[in-house]
There are 2 protein chains.
Amino acid sequence: PGKKVLIVYAHQEPKSFNGSLLKIAVEELTKQGCSVTVSDLYAMQFEPRATRNDIVGHLHNSEAFNYGVETWEAYKRGGLSKDLVEEQKKVQEADLLIFQFPLFWFNMPAILKGWMDRVLVQGFAYDLSKAYDGGLLQDKLSLFSFTTGGSQEMYSNEGIGGDIRYVLWPMQHGIMHFCGVKVLEPHICYAPENVSEDKRKEMLTAWTQRLKTLWKEEPIDCSPEWYFK
Amino acid sequence: PGKKVLIVYAHQEPKSFNGSLLKIAVEELTKQGCSVTVSDLYAMQFEPRATRNDIVGHLHNSEAFNYGVETWEAYKRGGLSKDLVEEQKKVQEADLLIFQFPLFWFNMPAILKGWMDRVLVQGFAYDLSKAYDGGLLQDKLSLFSFTTGGSQEMYSNEGIGGDIRYVLWPMQHGIMHFCGVKVLEPHICYAPENVSEDKRKEMLTAWTQRLKTLWKEEPIDCSPEWYFK
């Protein structure tokens with residue numbers, strides 16, 4: 001109700017299952033009176049490569065390019081490239097960040113990883129000794145919503161893929177928690193390509209249902225215990 | 001001695017510490033009589049985004065774009081884009097894959113993740129029920145060599161970053177092991193930007209030394225026990 005949500009979406013095809021999950025989130029959250037912004041990374045042709053082009057004007061040290069140092073300096077003097085400034089503004093305004101994507105190789109697709117690499121620069125998302133619970137993006141929530149190729153059984157303690165929580169550690173703890181963002185339970189749709197149409201519909205309904213009570217949820221305790229028992 | 005090595009390198013600056021590690025590997029392995037190829041991703045302006053452009057000619061299903069299905073079909077009919085075919089050829093010929101990069105957000109930089117996403121397609125790297133020990137890239141070795149921002153203490157069981165092995169799971173198990181590639185111990189240089197010049201030199205020497213006996217190393221047992229005890 002009046003809350004602002006940024007959905008960072010990484011799928012090439014609107015008719016995909018990820019596309020349906022995005023559509024549901026936009027509709028349900030809008031219905032609740034939230035203001036919803038979508039960064040549709042493929043449609044935006046979002047640049048995933050961290051290069052010198054991210055800095056407008058002169059470099060702090062043009063002798064040897066250091067991306068972390070240069071983006072930090074550029075952030076401080078307002079010299080980051082326009083696409084980054086726009087994404088940072090969306091993040092700044094959001095109460096909740098939802099990341100919607102298909103799991104690629106036990107991780108997010110490169111285009112979404114590039115969003116993390118380039119948008120969450122020092123000075124903006126964290127700073128010297130301002131990380132984890134002291135990170136700069138406090139009072140925000142995040143939620144990783146993704147589809148998998150493998151089944152739920154594969155991603156279990158007995159499965160060859162291991163507990164699905166193992167793949168959540170770098171994303172939830174290493175990125176969101178590092179920036180001070182609180183983490184809600186992930187929303188995982190297992191192998192939608194390999195289940196019946198009925199089961200797929202069930203999964204979509206479950207997402208709608210979850211979103212209805214999302215704002216009452218408590219963040220997870222983002223510590224090693226949650227991930228590795 | 002006659003072995004072929006592919007180094008996939010993801011750093012923007014040749015004068016960086018990663019650049020020095022790359023140079024050492026090229027020199028030492030060449031001296032041993034190995035044939036060394038480098039994919040210098042930033043210099044190549046390697047495309048990290050998984051899009052329709054990776055398929056030459058017609059799509060299998062142009063109604064709804066499915067990257068996994070389309071690249072699989074394209075691989076079978078020889079219809080992948082030229083840059084991917086070239087990388088796959090390098091992988092095919094290699095006995096050892098070395099990945100050299102700075103850890104970004106508990107993971108590889110987006111440009112390197114994009115290399116994984118786009119090069120290791122179904123049919124080439126794995127196939128239906130041909131994964132993990134049955135993966136298609138058997139008899140190859142891999143080694144993740146990277147630098148961190150955080151210290152070794154931070155990446156320990158007691159540290160806020162957790163055991164460094166946690167971040168290795170998606171890369172080593174989820175990607176390399178999935179494709180049947182054996183995994184050597186990672187090579188990690190902790191926080192080279194925050195240590196003395198002497199310590200940095202020590203780190204470079206340690207890499208040279210390790211490479212001298214690399215071919216005698218046994219792969220790790222790439223199972224959950226190695227990562228999570």
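The table for this structure:
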quantity: Pairs where the first residue, in the range A:203-226, is farther than 25 Å from B:Tyr166 by Cβ and open to solvent by 70 Å² or more (accessible area, probe 1.4 Å) and the second is assigned to a helix (DSSP H, G or I) and acidic (Asp, Glu), C-beta under 9 Å, 6+ apart; calculated: A:Lys212/A:Glu28
quantity: Checklist (1) farther than 25 Å from A:Asp117 by Cβ; (2) in contact (Cβ under 8 Å) with a residue 60 or more places away in the chain; (3) aliphatic (A, V, I, L, M) applied to A:Ile7, failing item; calculated: (1)
quantity: Among (1) open to solvent by less than 20 Å² (accessible area, probe 1.4 Å); (2) among the aliphatic types (A, V, I, L, M); (3) in a loop (DSSP other than H, G, I, E, B) - the single one A:Ile98 does not satisfy; calculated: (3)
quantity: Selection from the range B:77-89 of residues that are open to solvent by 50 Å² or more (accessible area, probe 1.4 Å) and either under 15 Å from the mean Cα position of the chain (by Cα) or closer than 21 Å to B:Val36 by Cβ (or both); calculated: B:Asp83, B:Val85, B:Glu86, B:Lys89
quantity: Criterion (of a type in the set (Phe, Trp, Tyr) and in contact with a strand residue (DSSP E or B) (Cβ under 9 Å, 6 or more places away or on another chain)) met by exactly one of B:Tyr227, B:Tyr155; calculated: B:Tyr155
quantity: Count - residues of the range B:119-129 that are in contact (Cβ under 8 Å) with a residue 12 or more places away in the chain and out of contact with any Lys or Arg (no Cβ under 6 Å at 6 or more places or on another chain); calculated: 7
quantity: Failed criterion for A:Ser151 (all others in (1) at the interface with another protein chain (Cβ under 10 Å from one of its Cβ atoms); (2) free of Cβ contacts under 8 Å to residues at least 60 places away in the same chain hold); calculated: (1)
quantity: All positions within the range B:136-148 that are assigned to a loop (DSSP other than H, G, I, E, B) and either within 14 Å of chain A (Cβ to nearest Cβ) or modelled with pLDDT of 95 or more (or both); calculated: B:Leu136, B:Leu137, B:Gln138, B:Lys140, B:Thr148
quantity: Residue within the range B:174-181 that is assigned to a helix (DSSP H, G or I), over 28 Å from B:Gly19 (Cβ atoms) and open to solvent by less than 70 Å² (accessible area, probe 1.4 Å) present; calculated: yes
quantity: Boolean, A:Glu28 is open to solvent by less than 30 Å² (accessible area, probe 1.4 Å), more than 25 Å from B:Leu120 (Cβ to Cβ), within 13 Å of chain B (Cβ to nearest Cβ) and at pLDDT 95 or above; calculated: no
quantity: Condition broken by A:Phe104, with the remaining ones in (1) more than 11 Å from every other protein chain (Cβ to nearest Cβ); (2) under 23 Å from B:Asn66 (Cα atoms) satisfied; calculated: (1)
quantity: Hits in the range A:41-76 - residues which are in contact with a Pro (Cβ under 9 Å, 6 or more places away or on another chain), outside any loop (DSSP other than H, G, I, E, B) and open to solvent by 30 Å² or more (accessible area, probe 1.4 Å); calculated: A:Gly68
quantity: Qualifying residue in the range A:123-135 (condition: more than 10 Å from chain B (Cβ to nearest Cβ), over 15 Å from the mean Cα position of the chain (by Cα), closer than 16 Å to A:Ala74 by Cα and crowded, with 19+ Cβ neighbours inside 10 Å); calculated: yes
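The values are calculated or read from the model by the stated rules, or taken from the named source; none is laboratory data. Every value quoted in this text rests on a predicted model; they were computed, and no experiment measured them. Don't worry about glycine lacking a Cβ; one is built from the backbone with ideal geometry, like all the others, and counts go over all protein chains shown. Accessible surface is based on the protein model in full, side chains and every heavy atom, while ligands, DNA and RNA are left aside. Shrake-Rupley method; radii C 1.70, N 1.55, O 1.52, S 1.80 Å.
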